[in-house]
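Comments concern the structure below.
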Amino acid sequence: MKAVGIIGYKKSGKTTLVTNLARELTKRGYKIATLKHIFQAKHLDLPFKDTARHMQYATQTAAISPAESALFFNHRKSLEQIIEYLEADFLLVEGFRQEKTFPKIICFKRSWQVKELFDGLQIGAASLAHPSKMDLGVPVFNIQEDIERIADLVEGQAFKLPNLNCGDCGCESCYELAREIIRGKKNLEDCPALKPETQITLNGKVFALNPFISQMIRKTIVGMLSSLKGYRKGNIQIKIEDK
Ligand code: SF4
């Protein structure tokens, strides 16, 4: 899944941009997921009173209505853990300013706000006002009028690194590689964790493996199988029921 962050101070147009982008990208045939960082309140609003009562003692609560479904956890999950539950081509992340594994569009009301939010991952800046010609080193858009151009930018530049910080790409962290990709010095192919030689699916979902573990599993299994009569190189699939 490719991701882009929409960040900015309060009332800078983040939600309007997420909504407009989701509409435009859906129109282009993509499946869109959105994720919002809520920091003003400790608890999320639950849609039904009964659901909130379930949550008093349950670790997970699900709700299904004729038109919608929801799944709540009674603890905080990381962005990567939540992504495992999402199925989409693009993820639009509102907030999560501290996350450093995907490019960002900075929403702003006043010009001084923009550069404060630059962390090397910015690919554009957007405002509800009509920004005068500003030299920010990134394209500057109007959130309402330039939505097609912003969607083009997201289509071309969105990505998500795994946040394993394993260093196998030669960078100290995923953040460093993300900045290099945005600067055009490297690309996604430089992250071996995104195309592991070993892939494990757990209950139908791809299980994140760092390159070291991926190689260890591969070598162990291939080593054992290659000693068996009839072994040939190729695509190996093993299914294990751990019940
Ligand atoms: S190889 Fe991938 S997962 Fe590991 S640090 Fe580099 S970008 Fe992050």
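The values are calculated or read from the model by the stated rules, or taken from the named source; none is laboratory data. A quick note: this is a predicted structure, and the numbers were derived from the prediction, not measured. Backbone-built Cβ (ideal geometry, glycine too); neighbour counts: all protein chains shown.
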Check on R76, more than 27 Å from C169 (Cα to Cα), within 19 Å of the chain's Cα centre (by Cα) and charged (D, E, K, R) = yes
query = Considering only helices (runs of 4 or more DSSP H) fully contained in the range 138-243, which possess at least 2 residues that are modelled with pLDDT under 85 and within 15 Å of the ligand (Cβ to nearest atom)?
reply = 211-226
request  = Determine, yes or no, whether L225 is in contact with a Phe, Trp or Tyr (Cβ under 6 Å, 6 or more places away or on another chain) and farther than 20 Å from I105 by Cα.
outcome  = yes
inquiry  = Of the residues R110, R149, only one is touching a strand residue (DSSP E or B) at 6+ places or on another chain (Cβ under 8 Å) and without any contact (Cβ under 8 Å) to a residue 40 or more places away in the chain; which?
reply    = R149
message = Between L79, L46, L91, which is within 16 Å of the ligand (Cβ to nearest atom) and among the aliphatic types (A, V, I, L, M)?
response = L79
Residues within the range 124-137 that are part of a loop (DSSP other than H, G, I, E, B) and not basic (K, R), tallied = 9
ask   = Is there any pair linking a residue in the range 167-178 that is in contact (Cβ under 8 Å) with a residue 60 or more places away in the chain and closer than 13 Å to P211 by Cβ to one that is within 6 Å of the ligand (Cβ to nearest atom) and outside any loop (DSSP other than H, G, I, E, B), with Cβ under 9 Å and at least six apart or on different chains, and which?
value = C174/A193
query = Could we say that I82 is among the β-branched types (V, I, T), modelled with pLDDT of 95 or more and surrounded by 14 or more Cβ atoms within 10 Å (Cβ to Cβ) here?
reply = no
task = Hey, can you tell me all the residues within the range 118-139 that are over 23 Å from the mean Cα position of the chain (by Cα) and not small (G, A, S)?
result = L128, H130, P131, K133, M134, D135, L136
